Structure formats: C-alpha cells, structure tokens
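Accompanying notes for the structure given below.
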Amino acid sequence: MTTQIIIFIAFVLIAVFVVSLLKTPKEKAFEKLPYKRKNIMTEAELNFFRQLEEKYSSQYYIIPQVLLSSIVDVDLPKRFFAYRGYRSKIDKKTIDFVLFDKQNYNPVLAIELDDSSHLRADRQIRDHFIDEILNKIGVKIIHVKIANSYDLSLIS
C-alpha cells in the first residue's frame, strides 16, 4: 500500500473513534432503543372500560384513548397560517373513551373519566376547551367521576 492510502485509512479510523467518544449518553441510549411497553389505560379506566363493554359493546365500538385530532379537524384550508396554530391546540390531546356508531363508525359519545387531576385549574381549562369543540361538531361529551362502580344509565 502506498503511504497516502495508509494515512487515509488511519485518519478515517481516528475520526470514527473520536466521533464515538463525542456521542452523548442520550445518543448512545437512542442506539439501544430505550423503550418499554406501557399500559394504555389505568386500572380505573380499565374497570370503567369493562363495564362499558358489558353494557354497550353490541351497540357501539368503544375505543379508549382516542386522539382528539382523529375525530376533529380544523375547518380552514391547510395553506392558511392560522391552520397550524389551531391544529396544534388539538394535537396530542386524548379523550378517555369514544363510542362509535357500528353502522358508519361516526363518533357518537365522548367520555372523560375524571380523577382528582381534573380539579386542577389547567385541567379544567383543557376540559372546557375539549367540551366546546365536541359540542361544536355535534359529539356529546360526558364527564364521569372515578368510582368502584358506575351508573351507566346516564350514558345514552
């Protein structure tokens, strides 16, 4: 081998070594895929879900943790600057349960299962915002306080 090739190979090896030393722990963790499975519902939500399923599964599809943006869209052309702002207000917000009509898979009822976090001011603002949106698009929403058992006759 010529001296130039040997120098080039040595330079590449040194560069690779230096770059590997410069990686942050975050980047190294990313390489190992630091993910784990998580439960989609809390124990209280699962209990409520089972009761919903028992009473309404023949009539509705009951879907937990539905992204608001899956059932709501911004009524502006996407090219408008304001579209992204309004869209960001609904992205990443979820509804605990949505009941969908089995014939045409339209959302019929949204259910928020309220625990103590819903007493916080920021959460009440969020809940009010979601309630207003769902009312505007014609999807009924109810809030149910967490309990050991539920009176599901309130849901209709």
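The values are calculated or read from the model by the stated rules, or taken from the named source; none is laboratory data. All values derive from a computational prediction rather than experimental measurement. Glycine also receives a Cβ, built like all others from the backbone with ideal geometry; neighbour counts cover every protein chain displayed.
A few points about this structure:
- One residue stands out among those in region 110-156 that are among the acidic types (Asp, Glu) and closer than 20 Å to ALA44 by Cβ: the one that is surrounded by the most Cβ atoms within 10 Å (Cβ to Cβ), which is GLU112.
- Residue under evaluation LEU67, criteria (1) out of contact with any strand residue (DSSP E or B) (no Cβ under 8 Å at 6 or more places or on another chain); (2) more than 24 Å from LEU152 (Cβ to Cβ), criterion not met: (1)
- Top-ranked residue in region 33-73 [being of a type in the set (Val, Ile, Thr) and at pLDDT below 95; ranked as surrounded by the fewest Cβ atoms within 10 Å (Cβ to Cβ)]: ILE40
- Enumerated strands (runs of 3 or more DSSP E) restricted to region 59-127, each holding at least 2 residues that are hydroxyl-bearing (Ser, Thr, Tyr) and more than 19 Å from ILE146 (Cβ to Cβ): 60-67
- Among the residues of region 29-53, those identified as out of contact with any helix residue (DSSP H, G or I) (no Cβ under 8 Å at 6 or more places or on another chain) and assigned to a helix (DSSP H, G or I) are ALA29, PHE30, GLU31, GLU43, ALA44, GLU45, LEU46, ASN47, PHE48, PHE49, ARG50, GLU53.
- For LEU13, the test of being over 21 Å from VAL139 (Cβ atoms) and either assigned to a helix (DSSP H, G or I) or in contact with a Pro (Cβ under 7 Å, 6 or more places away or on another chain) (or both) is passed.
- Within region 111-132, residues that are in the same structural domain as ILE90 (by TED's automatic domain parsing) have Cβ atoms under 6 Å from residues that are polar (S, T, N, Q) and surrounded by fewer than 16 Cβ atoms within 10 Å (Cβ to Cβ) in these pairs: ARG123/SER117, counting only partners at least 6 apart in sequence or on another chain.
- Of all residues in region 37-58, none satisfies being more than 18 Å from HIS143 (Cα to Cα), of a type in the set (S, T, N, Q) and in contact (Cβ under 8 Å) with a residue 12 or more places away in the chain.
- The residue pairs whose first member lies in region 71-86 and is under 24 Å from ASN106 (Cα atoms) and assigned by TED's automatic domain parsing to the domain that holds PRO107, whose second member is of a type outside the set (Lys, Arg) and exposed (fewer than 13 other Cβ atoms within 10 Å of the Cβ), and whose beta carbons are closer than 7 Å, counting only pairs six or more residues apart or on different chains, are VAL72/ILE137; LEU76/ALA82; TYR83/PRO77.
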